[in-house]
Each structure stands twice: as structure tokens, then as C-alpha cells.
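Student: My structure is below; once you've seen it, I'll send some questions.
The values are calculated or read from the model by the stated rules, or taken from the named source; none is laboratory data. Keep in mind the model is a prediction, meaning the values are calculated, not measured. All Cβ positions, even for glycine, are placed from backbone atoms using ideal geometry, and neighbour counts span all protein chains on display.
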Amino acid sequence: MSKPVIFSGMQPSSDSLHLGNYVGALTNWVKMQDDFDAIFCVVNQHAITVATDPADLRERTLATAAQYIAAGIDPERSTLYVQSHVPAHAQLGWILGTITGFGEASRMTQFKDKSQRFGTEGTTVGLFTYPVLMAADILLYQADSVPVGEDQRQHIELTRDLALRFNSRFGETFTVPEGFIPKASAKVYDLQEPTAKMSKSAASDAGLLRILDPANVTKKKIMRAVTDADGEIRYDPENKAGVSNLLTIYSVLTERSIEDVANEFAGRGYGDLKKGLAEAVEGTFGPIRERTNELLSDRGELENLLRKGAERANERAEKTLELVHEKIGF
Ligand code: ADP
Ligand code: NA
């Protein structure tokens, strides 16, 4: 029997991926490569929904792919490519847009959040239709499931709705994918504002741990992380968001339970926890950073790898697109 297909991708919207991307996505992808027919994409078309300098975009696209590989994505076992190298994404995105309701798209909370931040003039139509392109990304490969973070749940629901709608209007065409939040997947929060998710779009940089940052920068951010005044190390996200976040991160990186970690640090000071955490983060990020830099030092080879990945992806995507075109009368 063939393995179930999974699709996932991240935007190349900064030089370095961050801890949230790592624990919420990348580590899970790496683990799933054996049991799934896995497709991993650097979604540069999504990245331009927010204005991006072309040279930066090119650099970040390569750096993102390099970080996937450095973290353990194997471009032989899995299909790894850049979204814009496969034209069918945009083509199917257009078609799906024609069966998406305006109201339906308007209800996407990520769009509401972002458009509020950017204002009417700063918000592009591309940002609005982003979830439709994301649906195309997934449906093109007839993905059975989509490993995503909690924050993507609504977009997966839309993808399922569009697949079901298309199938019922035009006949069985798409696999209806399941979103699944991998069990091991954790959500991590901003170190300075521990009730907000750690995100590259955070207002301040001080709460964001980036894979490619030098060890001393990361350590400084961890040592300055917001905690609380009661001085007790205990997992209590409601009342002790900062400390609980540190415990969560430590637990994920050391693959131990939160309870176990909380016990280890019980009765000790916040400084101890932070020092331990800084070591755990460097233990994880250090080797990935080194390998990423190696990969980026031979761009030709990396570009070659991505071209090969795109060839494989194109072949699969074209099959679906042909079927879609036939169904809709193109
Ligand atoms: P960002 O929030 O920085 O813009 P993206 O939206 O590009 O990150 O997310 C890329 C992937 O990383 C998604 O699968 C998302 O669920 C995951 N992710 C991002 N931030 C976090 C976080 N703080 N905790 C857990 N997972 C996260
Ligand atoms: Na985001």
C-alpha cells in the first residue's frame, strides 16, 4: 500500500526560522518522513502577500530550504521544493477562488488580525486570498493530511470545505484532507509577552528565538525573559505564563514531560531555569545553524536540489491540474 500523503510549507519571510516554527512544524515534519509520502514546500508566493525586497526574498527562500534540510528533512525521501517553481499552485488557486465565498474568506481570523494591523491601504488582495492559495497547495497533491500548528486550523477547515464543494459540483476530484496537530506539537509564546504566540511578526524582537542567531544573542533574550514576582517554578499557564512558557520550551527540546522538568527545577531560582534553557536551545539550534551555513556556502548545489524537487512536485501537481481543467470545462 502506498503511504498517505502529507503536505506542509512555511513562508520564507525572514532569514531565520524561529523556535515556534521549529517546535510547531519542523520537528514534526522530520519525524513523519518515514511513515508518509511527504511534500515540503517553501511558500514564497505566500510570502509576497506582504511587500518584500526581491534580493531578501531570494536569500530567505534558500535559507529556509537550507534550514529544512539542516533540521533533518531529507530531499531524497521527501519532496522538497519552492512553491513558485510549480506554476500549478497559482493556477489552481485562481480556480478555487471562484468557488470561495467572499464572506467565507472574510471570516478568516488570521486575515482579520493582519488586515487590522496593516490598515485598509496596507492590506493586499493577496493577503485576503492567501487561504485559497493555501488550499490549492494542499489539494494539488491530493494530500491526506496536513500537519499544522493550532493557528492554522481554520485554514484547513476552509481547504476541506473547498474540496468538498468542488467535488460535489464537478464530481470526485480532490482528496479531502484532514488537518492534524501532531501530538508532540507545542505552542510557544513570546518571551517578552508570554500570552502572545512567538511570531516573526511580533512588535519587538526581544521575545523571539531565531535558529540562526548567534548563541550569545539567544542566551541574552532567554535571560531577560519575562517571568513574575512570586519566584516559584511551577507550571501554571493561567497565572504564570512566562515561567510556564520557559518550562514548555525546555520540555519540548529535551523531549521530557513538563511535569518532569518542573520537578527538576522546583525550589530553584528562575536564573537556573533560564541558564538550563539557554543550553538546551543552543544544543538544538547550534548544529542546525552550522549545517545551514554549510548548505548556504554552496548555493549552486542547493539550487540544484530544489530544482530536482520541483520536477517531482510538478509532475504530481500537473496531473491534478489536468483533471481539474477537464472537470470545469477548460
Ligand atoms: P509566524 O507566526 O512567525 O508568522 P508562520 O505563520 O509562518 O509563523 O508559521 C509557520 C509554521 O510554524 C506553522 O506551522 C505554525 O503553526 C508554526 N508556528 C509558528 N509560530 C508558532 C508558535 N509560536 N508555536 C508553535 N508553532 C508555531
Ligand atoms: Na504568520
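Student: For the stretch 177-279, which helices (runs of 4 or more DSSP H) that fit wholly inside it have 3 or more residues that are among the small types (Gly, Ala, Ser)?
Tutor: Those helices (runs of 4 or more DSSP H) span 241-254.
Student: Here is a follow-up. Taking the stretch 245-257 as the region of interest, how many residues are farther than 14 Å from Ser185 by Cβ and either out of contact with any Pro (no Cβ under 7 Å at 6 or more places or on another chain) or surrounded by fewer than 22 Cβ atoms within 10 Å (Cβ to Cβ) (or both)?
Tutor: Number of matching residues: 6.
Student: Among the residues of the stretch 187-209, write down those that are buried (at least 17 other Cβ atoms within 10 Å of the Cβ) and in contact with an Asp or Glu (Cβ under 6 Å, 6 or more places away or on another chain).
Tutor: Scanning the stretch 187-209 gives Met198, Ala202, Gly207.
Student: Of all residues in the stretch 103-146, count the ones that are closer than 16 Å to Ser8 by Cβ and at pLDDT 95 or above.
Tutor: Qualifying residue count, the stretch 103-146: 14.
Student: Name the single residue, out of those in the stretch 18-58 being part of a loop (DSSP other than H, G, I, E, B) and among the hydroxyl-bearing types (Ser, Thr, Tyr), that is farthest from ligand 1 (Cβ to nearest atom).
Tutor: So, considering only residues that are part of a loop (DSSP other than H, G, I, E, B) and among the hydroxyl-bearing types (Ser, Thr, Tyr), the one farthest from ligand 1 (Cβ to nearest atom) is Thr52.
Student: Among the residues of the stretch 127-145 satisfying the criterion of being aliphatic (A, V, I, L, M) and crowded, with 23+ Cβ neighbours inside 10 Å, which is nearest to the chain's Cα centre (by Cα)?
Tutor: Ranking the qualifying residues of the stretch 127-145, first place goes to Met134.
Student: Determine which member of the set Ala25, Ala38, Ala63, Ala71 is buried (at least 22 other Cβ atoms within 10 Å of the Cβ), in contact with a Leu (Cβ under 6 Å, 6 or more places away or on another chain) and of a type in the set (Gly, Ala, Ser).
Tutor: Unique residue meeting the criteria: Ala71.
Student: Of the conditions (1) buried (at least 18 other Cβ atoms within 10 Å of the Cβ); (2) under 20 Å from the mean Cα position of the chain (by Cα); (3) away from ligand 2 (no atom under 16 Å from the Cβ), Ala90 satisfies every one except a single condition; which number is it?
Tutor: Result: Ala90 fails condition (1) only.
Student: For the stretch 188-245, what are the residues that are over 23 Å from Gln110 (Cβ atoms), among the aliphatic types (A, V, I, L, M) and free of Cβ contacts under 8 Å to residues at least 12 places away in the same chain?
Tutor: Those that are over 23 Å from Gln110 (Cβ atoms), among the aliphatic types (A, V, I, L, M) and free of Cβ contacts under 8 Å to residues at least 12 places away in the same chain: Val217, Ala229.
Student: Would you pick out the residues in the stretch 1-33 that are closer than 20 Å to Asp137 by Cα and within 15 Å of ligand 2 (Cβ to nearest atom)?
Tutor: Across the stretch 1-33, the qualifying residues are Ser8, Gly9, Met10, Gln11, Pro12, Ser13, Asn21, Gly24, Ala25, Leu26.
Student: Among the numbered criteria (1) at pLDDT 95 or above; (2) within 16 Å of ligand 2 (Cβ to nearest atom), which single criterion is violated by Leu80?
Tutor: Going through (1) at pLDDT 95 or above; (2) within 16 Å of ligand 2 (Cβ to nearest atom) one by one, Leu80 breaks only (2).
Student: Test Arg160 against the criterion of being away from ligand 1 (no atom under 12 Å from the Cβ) and surrounded by 17 or more Cβ atoms within 10 Å (Cβ to Cβ), and give yes or no.
Tutor: It is true that Arg160 is away from ligand 1 (no atom under 12 Å from the Cβ) and surrounded by 17 or more Cβ atoms within 10 Å (Cβ to Cβ).
Student: I've got another one for you. Among (1) closer than 23 Å to Asn293 by Cβ; (2) in contact with a His (Cβ under 9 Å, 6 or more places away or on another chain), there is one condition Arg60 misses while meeting the rest; what is its number?
Tutor: Result: Arg60 fails condition (2) only.
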